[in-house]
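First up is the structure itself, then whatever we jot down about it.
Coordinate-derived values only; no laboratory data. Quick caveat: nothing in here was measured; it's all calculated off a predicted structure. Counting neighbours? That spans all protein chains shown, and the Cβs are built from the backbone with ideal geometry, glycine included.
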Amino acid sequence: MSGPRHQKESPTVTTTPAPAGADAPLLRVSDLGKQYGNIIALRGITADVNSGEVTCILGDNGAGKSTLIKTLAGVHQHDAGEFLFEGRAVRFSGPREALDLGIATVYQDLAMVSLMPVWRNFFLGREPTKGVWPLRRIDVAEAKQITKRELKAMGIDIRDPEQPVGTLSGGERQCVAIARAVYFGAKVLILDEPTAALGVKQSGVVLKYIIAARERGLGVVFITHNPHHAYPVGDRFLLLKRGQSMGYYEKSQITRDELTALMAGGAELEQLSHELEKGGGAAAVAAAEIGDEAHELGIPATAATSGDAG
């Protein structure tokens with residue numbers, strides 16, 4: 001089903017009318033689907049991203065998070081459902097088209113060169129210039145000033161924009177990537193597991209920058225497998241499992257414990273407990289501990305009968 005990506009005549013943005021007027025979501029997907037041959041990667045995904053809000057997409061490995069964000073970012077085209085941006089149906093033929101509309105994605109590798117200065121990483125080929133051809137050159141002073149100003153607006157005051165970006169902490173490098181996206185006109189900011197490889201302190205730094213981006217009016221899509229990182233900053237939560245939605249909630253509709261219980265996989269915990277219990281001895285002791293954990297998360301004993309529904 002990858003053929004449509006190579007059809008040059010496919011328009012980037014169709015002229016489908018806006019659905020809901022001024023209060024329409026900045027980005028909306030409805031019954032979105034993506035298929036690779038006989039493999040269904042996504043099915044029936046529905047979610048909104050609003051300006052000044054954080055939409056969290058949660059799921060374990062293989063849940064479909066990567067496929068979804070690559071579809072939003074223009075790497076893949078959806079095969080089913082609807083993808084609206086600012087009320088218009090869109091179908092991107094590449095990431096550049098998504099970026100030109102204002103959908104910026106910050107992947108885990110951050111697309112940075114560790115040995116290059118912070119200001120060079122901030123611009124990465126889009127440096128301001130001065131002079132006229134053939135004497136046009138990079139305006140280094142302006143680039144450094146912009147870098148310091150934009151990073152300070154996000155809450156980080158770097159000592160010297162000439163320092164290699166590799167000398168910054170993981171959280172600070174995330175901030176550079178976020179500030180870069182904001183400066184170059186992002187309306188929707190997609191963050192791919194930004195806290196996955198960070199400790200508690202640096203994760204807190206990144207969450208602070210996510211809040212700063214939200215307060216600047218961006219629609220933030222925060223992809224994570226950690227409900228404890230998602231809940232404090234999230235306004236909406238989409239839970240994925242094997243390419244399908246397990247639920248889509250506003251913050252007022254779900255507590256952190258309930259979100260954690262859903263992410264923990266209630267049915268799987270109960271089934272694992274039952275299987276271990278059959279072994280007796282130490283396995284039975286482990287089964288009891290897992291059962292206790294399931295009950296602490298508020299998962300009923302009947303959860304094991306629910307299978308993979310939803």
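Taking other residues whose beta carbon is less than 12 angstrom from the beta carbon of A212, and scoring Lys, Arg as +1 and Asp, Glu as -1, yields +2. Amide H to amide H, with H built 1.01 Å from N, T105 comes under 5 Å of I190, counting only residues 5 or more places away or on other chains. Neighbours of A80, meaning other residues whose beta-carbon lies under 13 angstrom from its beta-carbon, give a summed charge of 0 when Lys and Arg score +1 and Asp and Glu score -1.
Of the trypsin sites (Lys or Arg not before Pro) found in the range 95-199, those that fall in a DSSP loop while having at most 11 other beta-carbon atoms within 10 Å are R126, R136, R159. Convex hull volume per residue, computed on the Cα atoms of the range 3-263, equals 150 Å³.
Measuring against 25 Å, Cα to Cα, the residue pairs K65/K148; K70/K130; K152/K251; K208/K241; K208/K251; K148/K187 contain K65/K148; K70/K130; K152/K251; K208/K241 as the ones spanning a longer distance.
Within the shell defined by Cβ-Cβ distances under 13 Å, the residues around L101 carry a net charge of +1, with Lys and Arg each +1 and Asp and Glu each -1.
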